[in-house]
Amino acid sequence: MKKNTLLLTLLIIISACGVRQTRDLLTSGDYDSAIRNAVDGLRGNKNAKGKQDYIYLLEEAFAKAKERDLRDINAWFKDANPQNLEKIYTTYVLLNSRQEQIRPLLPLKLMKEGRNAIFPFDDYSDQIVSSKNALSKYLYDNSKALLANNDKMVLRRAFDDLVYLERINPGYKDVAKLTEEAKFKGTDFVNVYTKNETNMVIPVRLQDDLLDFSTYGLNDKWTVYHSNRQKGIDYDFGLIVNFRTINISPEQVKEKQFDKEKLIKDGVKNLLDANGNVVKDSLGQPIKVDNMKTVRISIYEFSQIKACQVTAKVDYINFKNNQLIETFPLASEFIFSNMYATYKGDKRACEDTYYPNFSRRAVPFPSNEQMVFDTGNDLKAKLKDIIVRNRFRR
C-alpha cells in the first residue's frame, strides 16, 4: 500500500512539473514547444483527471499559434517580397503538421465545462501546393541567374537552393542538371605536384605515393585535389611540394664490447656443515640446497646505422592571380638501424631479453633511393596534417 501511495505521489509531482513547464512555454510565446509538451503529456490515459490542465493549455497554445502564423502569412503576402516565399510555404506546412500532431488525440474532453476542447482545423493543401509552386519558381529562376556568376560563394548558395528545391519539389524541371552545374562551378580544384630543388633524384615511387591523394581522404564538399591535370577544368589553386634538401649519412657500423657476470642457480647440492660433513634431516636423508654458481660472458655488440633527412616546403598558390598564398615547412627523417651481437662465455650471465640479439646477423644497408622512399609515410602524414589545418578557403 505504501509503495502504491509513493508511486502515485511521484506521478503527481512529475505531471505537475510537466504542466508548469508547458505553461511557461505558452506564456513565453513558444507555442509549438508548449503543444509538443501537452501532446506528450496526453499520451496514455488522456481522460485522466490529472490531464485536464494539459488539454486547456493545448487548446490555448493551438489557437494562439494559428492566429500568429496566419497573421504573419498575411503580412508577408502584403509585403510581396520574394524572399518571404519560403517563410510562407514552411508556415503553411507547420500549420498542417501542428494539426496532425493533435488529430490522433481527439476528442479531448474538458470535464468541468462539459465540452470537447475546440481545435478549428483547416485544409491547407491548396495553400501548401500554391506556395510550394511559387517558392519553386523563385528558387529555380534565382538559381539560374546565380549560375552566371563567377563568385564561388554565390555558386555554392545556388547549389544549396537547388538541393532544397529538389527536396521540396522532386523532379522539378531540370533541377538535377542545374545542381550538377552549380556543384562543378562552385568547387575549388587544386592541382598538386612536386618540384625537386635538390641535387639528388627523387624516387618516382615517393612522388607517386605523395601525390596519390585518393589515400588522403581530403576531398570535401567543395574542394577536389588532382595530381594530374584534367581537361576541361580551370584550376583555382596549386599545392606544390618543393623538395629542398636530402641529407643521407654514411653507412656506419659501431662496435661495442662489454662483460657481464651473474650468480645463478646451477642445480642442487648436499648441505655441508663447518667440518665438511653432509647435514641430514630427522629421517637421515641429506638436506639439499641450491648450488649457486658465478657465470661470465663477454658480449660483442654491433650496430648498423644509416640516416636520411628530407626537407621541403609546401607552397599554396592562387592560380587566378599567380600569387603565393602561404608556405609551410615540411621535414622528415628516417633512420635505418640493425643491432646484432656475438658472445664468448655463458650467455646466462646476461638478461633473457637480450638473447634475440645473438640470433641476428648483419644485413645489407638500404640504398640511398630506398632511404629517401622510406621517409614517405612520415612525409605523407605531415603533408596531410598541413592540408587539414590550412584549407585554401577559411
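The values are calculated or read from the model by the stated rules, or taken from the named source; none is laboratory data. Because the structure is a prediction, the values reported are computed rather than measured. Here the Cβ is made from the backbone with ideal geometry for all residues, glycine too, and neighbour counts use every protein chain on show. The accessibility values were calculated without ligands, DNA or RNA, using every heavy atom of the protein model including side chains. Shrake-Rupley method; radii C 1.70, N 1.55, O 1.52, S 1.80 Å.
A few comments on the model shown:
- Residue match in region 262-284 (condition: part of a strand (DSSP E or B), loosely packed, with under 15 Cβ neighbours inside 10 Å, touching a residue at least 60 places away in the same chain (Cβ under 8 Å) and more than 35 Å from the chain's Cα centre (by Cα)): yes
- Taken together, E255, E301 contain a single residue that is surrounded by 13 or more Cβ atoms within 10 Å (Cβ to Cβ), of a type in the set (D, E) and under 27 Å from Y354 (Cα atoms), which is E301.
- Candidates K46, K78, K66, filtered to the one that is in a helix (DSSP H, G or I) and open to solvent by 30 Å² or more (accessible area, probe 1.4 Å): K78
Conditions (1) charged (D, E, K, R); (2) in contact with a Pro (Cβ under 8 Å, 6 or more places away or on another chain); (3) in contact (Cβ under 8 Å) with a residue 24 or more places away in the chain, marked per residue:
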residue: Y300; (1), (2), (3): no, no, yes
residue: K313; (1), (2), (3): yes, yes, yes
residue: N322; (1), (2), (3): no, no, no
residue: F334; (1), (2), (3): no, no, yes
residue: Y340; (1), (2), (3): no, no, yes
residue: F358; (1), (2), (3): no, no, no
residue: A362; (1), (2), (3): no, no, yes
residue: L379; (1), (2), (3): no, no, yes
residue: D385; (1), (2), (3): yes, no, no
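- Residues that are touching a residue at least 40 places away in the same chain (Cβ under 8 Å) and farther than 20 Å from T245 by Cβ occur in region 325-332; there is at least one.
- Of all the listed residues (N191, N169), the sole one being surrounded by 17 or more Cβ atoms within 10 Å (Cβ to Cβ) and more than 28 Å from E326 (Cβ to Cβ) is N169.
- Meets criteria (among the hydroxyl-bearing types (S, T, Y) and under 23 Å from the mean Cα position of the chain (by Cα)) for T194: no
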